[in-house]
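Structure first, commentary second.
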Amino acid sequence: MSGFLIFTQKFKMNFKKYLFIFSLIVFSSFSKAQITVHPTIFAGYEYQNQSLGELGARFIFLKKDDVLYRVSGSALVGSVPHKLAVLPKLQGDVLFNFSKNDDIKHSYYFLLGAEATNKYIAPKAGISLFGIVDFTGGYAFNYGHQLINGKELKGLNFNFSINIPLVVLE
C-alpha cells in the first residue's frame, strides 16, 4: 500500500509539472499574433457525484472570434456528506465556431476542455451561448482513491455556468 501512496504523490508532482509545460506551449503559440484578453468572473453549478457551487475568474484569449481559448481558476463549494467542502479547480477550454458572415449562427460555440482539482481530472465537452452561458458534461477520473469527506468524486459530471465580462461592470 505504501508503494501506491508514493506513486500518487509522484503523479501529483509530475501532473503539476506537465500542466505548467503544457500551459507554456499553448501560450507560446500566441506569441506571434496580436491576442485580445478579456477577463470575466463566473458562477455556476456542478454535479460531480455531489452538488457543488462554483465561483471563479476566467480569462478569454482570442485573435479572431472563430476560436477562443479560456483559462480559469475557481473554487467548488458544497456540503459533502453534511460537511462543508471546498475544492480548488483549474480549467482550460477551447471554443469553436467557424460560421462566417452570419451573426445568428455565431451566437453559440462548441466547447472542448478539461478541468482538474486536487481530487480528480475531467475532460469535458459542451456548448456556450454567446460566450455567456455554458452547458458542459464530462467524465471525472480520480487520482488513486482520493476521497472528500468519505465520498469519491468520479464518474459523469454536468456543469452550468454564467460568465460576466468585467467590461460590463465598469
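Out of 74, 107, 99, 128, one residue alone is hydroxyl-bearing (Ser, Thr, Tyr), within 17 Å of residue 40 (Cα to Cα) and more than 12 Å from the chain's Cα centre (by Cα). It is 128. Among the residues of the stretch 38-70, those identified as open to solvent by less than 30 Å² (accessible area, probe 1.4 Å), under 16 Å from the mean Cα position of the chain (by Cα) and closer than 17 Å to residue 111 by Cβ are 40, 42, 44, 46, 54, 56, 58, 60, 68, 70. With respect to the conditions (1) buried (at least 18 other Cβ atoms within 10 Å of the Cβ); (2) among the small types (Gly, Ala, Ser); (3) farther than 18 Å from residue 36 by Cα, residue 131 falls short on a single one, namely (3). Of the residues 143, 139, the single one that is in contact (Cβ under 8 Å) with a residue 60 or more places away in the chain and over 18 Å from residue 39 (Cα atoms) is 143. Taken together, the criteria place residue 24 among residues that are more than 23 Å from residue 167 (Cα to Cα), open to solvent by 30 Å² or more (accessible area, probe 1.4 Å) and modelled with pLDDT under 65.
Against the list (1) surrounded by 13 or more Cβ atoms within 10 Å (Cβ to Cβ); (2) of a type in the set (Gly, Ala, Ser); (3) over 13 Å from residue 49 (Cα atoms), the condition residue 73 fails is (1).
Please tell me if residue 114 is over 25 Å from residue 168 (Cβ atoms), open to solvent by less than 60 Å² (accessible area, probe 1.4 Å) and modelled with pLDDT of 90 or more. Yes.
The values are calculated or read from the model by the stated rules, or taken from the named source; none is laboratory data. As the structure is a prediction and not an experimental result, all values here were calculated from the model. Cβ sites come from the backbone with ideal geometry, for glycine too, and all protein chains shown count toward neighbours. For accessibility, only protein heavy atoms count, side chains too; no ligands or nucleic acids. Shrake-Rupley method; radii C 1.70, N 1.55, O 1.52, S 1.80 Å.
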